[in-house]
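Asker: For reference, the structure I am asking about is given below.
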Amino acid sequence: MDAMHGFGVSSTHYLQTHYKDAQGWFLFVSFAADLRNTFFVFFPIWFHLRESVGIKLIWVAVIGDWLNLVFKWVLFGERPYWWVHETPYYSNGSFPHIEQFPITCETGPVDVTAFSLTGSPSGHAMGAAGVYYIMVTSLLAMFLKRYGNSTKKQCVRGTLWTLFWGVQVCVCLSRVFIAAHFPHQVIAGVITGMIVAEAFSRVQWIYSASLKKYFFITLFLLTFAVGFYLLLKALGVDLLWTLEKAKKWCVRSEWVHMDTTPFASLLRNMGTLFGLGLGLHSPLFTESKKSTSAPFRGGCIIASLVLLHLFDSFKPPTHTAALFYLLSFCKSATVPLATVSIIPYCVAGALSANSKKQL
């Protein structure tokens, strides 16, 4: 494993040395691949264009990230930016110098065994693969109905899958470039993300799940993760050991963000899933479903993107961990709730009032 990690550090050093001018692009790709953009950008667009795809995006993103968290706790993995300083692999005491960036210092463990996908893959690569896989396959299904087996459909298929793999390559290179992941971790992330997405493509009950089911699934996922953490802690296993690693080896302490800690991710995902359940079973959603016009859908998309962008600027205070986690849960729950029910209800009301004035 040290040899594989050593190859990963050499890959990071090579990219940072020979592609330094592409630093801005790699940083942008890592930012764009964050699951936050799925919740704040892709989900609002897809939900108001094709409701089922939007719902599937949330389930794939949330369950995929939850699995990623559990995998991180099962295997005690490393990140390049701290491994290079602590490993005895470089016996002569000289190791490749790798740069750090504001998004380098993530705190979770991320490792995968050499020939197994049951370890902990890259969350960014896993999330991007799952989300883009759902979007590409959904677009292909739409074109399949429209064009059948025509040559045009084959061209669209080739274009979309080329775009998909282009995005995955960029995300993988980006995560290696900023020294947040080793190459085998991002490759495992892509494969695992596609598996999760394909699994949910075959599931139908998520589109008709009751609010009770949303509640109990959210409670189960949260309880399982917290219970697993407490069990291992009782056995003397510190699952938050990576936070100290990050604080020790990150070149700037302010780059160690609380929202990259395991519990921040857990509460954010559970809030999102529960908020989706609340939104889909809200009386406001039932009322707004009566509107299906193009202006209504377009208005919902624009209003959602603008308002959610403004809402995202609110950052929970980090001075108290419990308060931060609570507000993170509430903020995450509000995003799908507003997208699914509140904003469509307001847009429908505004369009109705405008049409009455014109009469």
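The values are calculated or read from the model by the stated rules, or taken from the named source; none is laboratory data. The model shown is predicted, which means the values in this text are computed figures rather than measured ones. All Cβ positions, even for glycine, are placed from backbone atoms using ideal geometry, and neighbour counts span all protein chains on display. Just the protein is used for accessible areas: all its heavy atoms, side chains included, with ligands, DNA and RNA removed. Shrake-Rupley method; radii C 1.70, N 1.55, O 1.52, S 1.80 Å.
Asker: Modelled with pLDDT under 90, open to solvent by less than 30 Å² (accessible area, probe 1.4 Å) and assigned to a loop (DSSP other than H, G, I, E, B) - does that describe any residue in region 56-70?
Answerer: no
Asker: Could you tell me whether Val169 is modelled with pLDDT under 90 and either surrounded by 14 or more Cβ atoms within 10 Å (Cβ to Cβ) or under 24 Å from the mean Cα position of the chain (by Cα) (or both)?
Answerer: Spelling it out, it is not the case that Val169 is modelled with pLDDT under 90 and either surrounded by 14 or more Cβ atoms within 10 Å (Cβ to Cβ) or under 24 Å from the mean Cα position of the chain (by Cα) (or both).
Asker: A further question follows. Only one of (1) loosely packed, with under 15 Cβ neighbours inside 10 Å; (2) part of a helix (DSSP H, G or I); (3) modelled with pLDDT under 85 fails for Ala350. Which number is that?
Answerer: Going through the list (1) loosely packed, with under 15 Cβ neighbours inside 10 Å; (2) part of a helix (DSSP H, G or I); (3) modelled with pLDDT under 85, Ala350 breaks only (3).
Asker: Between residues in region 302-325 that are under 30 Å from Val347 (Cα atoms) and residues that are of a type in the set (Ser, Thr, Tyr) and open to solvent by less than 60 Å² (accessible area, probe 1.4 Å), which pairs lie under 8 Å by C-beta distance while being six or more apart or on different chains?
Answerer: Final answer for the pair search is Ser304/Thr339; Leu308/Thr339; Phe311/Thr334; Pro316/Ser328.
Asker: Looking at region 121-139, is at least one residue modelled with pLDDT under 65 and either in contact with a helix residue (DSSP H, G or I) (Cβ under 7 Å, 6 or more places away or on another chain) or outside any helix (DSSP H, G or I) (or both)?
Answerer: no
Asker: Same structure, new question: State all residues of region 197-240 that are open to solvent by 80 Å² or more (accessible area, probe 1.4 Å) and closer than 20 Å to Ile134 by Cβ; if no residue qualifies, say none.
Answerer: Result: Arg202, Gln204, Trp205, Ser208.
Asker: Starting from region 11-38, keep only residues that are more than 19 Å from Val131 (Cβ to Cβ) and modelled with pLDDT under 85, then list their pairs with residues that are open to solvent by less than 100 Å² (accessible area, probe 1.4 Å) and part of a helix (DSSP H, G or I) whose Cβ atoms are within a distance under 7 Å, requiring at least 6 positions of separation or different chains.
Answerer: Cβ pairs passing all conditions: Ser11/Val176; Ser11/Pro183; Thr12/Pro80; Thr12/Val176; Thr12/Phe177; Gln16/Phe177.
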